[in-house]
Amino acid sequence: MIKFFRKIRHNLFMENKTGKYLKYALGEIILVVMGILIALQINNWNETKLERKVEKEYIVSLIEDLKTDSTRLSYLVKRFETAELQLDTVLKMYHKIAIGYNDTLRRNLPAVINFPDFTYTDRTMQQLKNSGSMRYIVNKKVSNGILDYDIKVKHLLTSYIPDLTFYYENSNQMWFEVVDIEAFETDSKTMSISEMEKGTQNYLLKDDKATLGKFNNIIRNFKNVTTTVKDTEKEVLIKATGLMTLLRKEYDLK
C-alpha cells in the first residue's frame with residue numbers, strides 16, 4: 001500500500017503536476033492523521049473497557065465484604081441488646097449484692113465482664129485506598145457512599161470501642177476483686193438455688209461500701225457505652241445494607 005501511494009506521488013511529480021501533487025500529499029497527511037486518531041481512540045476504548053472491568057471486580061468484592069460486615073453487625077446488635085437488659089437488671093438489683101445470694105443478680109452479673117467485638121472486613125477497602133484504585137470508581141454517588149461507610153466504621157472503632165474496652169477491662173478487674181468464684185462453685189455443686197438464696201453467703205470477696213460503690217460506677221459507665229456502641233453499630237448496619245443496595249443498582253448486580 002505504501003509503495004502504491006509512493007508511485008502515485010512519483011508520477012505526479014514527474015509529470016510536473018505540482019497542484020495535484022500538493023493536494024494529494026495533503027490528503028495523504030490527513031489520512032495518516034485520521035489513522036493515528038482512530039488508533040488512539042481504539043486504544044482509549046480498550047483502556048476504558050479494562051478499567052470498567054476492574055471497577056466491577058472491586059464492586060463485587062466490596063459487596064462480599066459488606067455482606068460479612070452486615071451479618072456480623074446484625075449478630076452484634078442483638079448481643080448488645082441482650083447485654084443492655086442484663087446490665088439493667090444488675091443495676092436494678094445491685095443493692096442486694098451484699099445482702100445475700102440472689103440468683104437473678106448472679107446470672108446477669110457476667111454481662112459486666114464481656115462484650116462481643118466487631119472486626120471490620122476491609123480487605124477490598126484497603127486495596128481501593130492504598131493502591132490508588134479509588135480512581136476506578138467513576139460513579140461519584142458510589143465513591144462517596146464507599147468513603148462515607150469507611151469513615152463511619154472507623155469512627156466506631158476509634159471513638160467508641162476503646163471506651164468500651166476501657167470499662168470492660170476495669171469491670172473484669174473488679175469482678176476478680178469482688179466475686180468469690182470458688183465459694184460459689186463449691187456450694188452450687190451441692191446446694192439448690194433456693195438453699196443458696198436462703199443461706200448467709202453473698203459469695204463476695206469484698207462487700208465494703210467503697211469497693212461495691214466503685215464496681216457500681218464501672219457497671220453504669222459500661223452500660224452507657226454499651227448502649228452507644230449498639231446504637232452506632234445499628235447505624236453502621238444501615239449504611240452497609242444501603243451501600244449494598246446502591247452498588248447492586250448502579251452496577252446492575254443481583
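The values are calculated or read from the model by the stated rules, or taken from the named source; none is laboratory data. Remember, predicted model here, so these are calculated numbers, not experimental data. FYI the Cβ positions are ideal-geometry reconstructions off the backbone, even for glycines, and counts take in every protein chain you see. Protein only, heavy atoms only, side chains kept; ligands, DNA and RNA dropped before computing areas. Shrake-Rupley method; radii C 1.70, N 1.55, O 1.52, S 1.80 Å.
Could you list, in sequence order, all residues of the stretch 222-254 that are touching a residue at least 40 places away in the same chain (Cβ under 8 Å) and hydrophobic (A, V, I, L, M, F, W, C)? Hits for the stretch 222-254 are Phe222, Val225, Val229, Val236, Leu237, Ala240, Leu243, Met244, Leu246, Leu247, Leu253.
For the stretch 105-127, indicate whether the set of residues that are touching a Gly at 6+ places or on another chain (Cβ under 6 Å), outside any helix (DSSP H, G or I) and either farther than 26 Å from Thr245 by Cα or at pLDDT 95 or above (or both) is non-empty. No, every residue in the stretch 105-127 fails to be touching a Gly at 6+ places or on another chain (Cβ under 6 Å), outside any helix (DSSP H, G or I) and either farther than 26 Å from Thr245 by Cα or at pLDDT 95 or above (or both). Limited to the stretch 198-254, what total is found for residues that are under 27 Å from Val178 (Cα atoms), open to solvent by 60 Å² or more (accessible area, probe 1.4 Å) and among the charged types (D, E, K, R)? Qualifying residue count for the region: 7.
Once the stretch 166-214 is narrowed to residues that are of a type in the set (Gly, Ala, Ser) and in a loop (DSSP other than H, G, I, E, B), the residue that is farthest from the chain's Cα centre (by Cα) is Gly199.
Among the conditions (1) among the aromatic types (Phe, Trp, Tyr); (2) open to solvent by 80 Å² or more (accessible area, probe 1.4 Å); (3) at pLDDT below 60, the only one that Tyr21 does not satisfy is (2).
Scanning the stretch 58-104 for residues that are outside any helix (DSSP H, G or I) and open to solvent by 50 Å² or more (accessible area, probe 1.4 Å) yields a total of 1.
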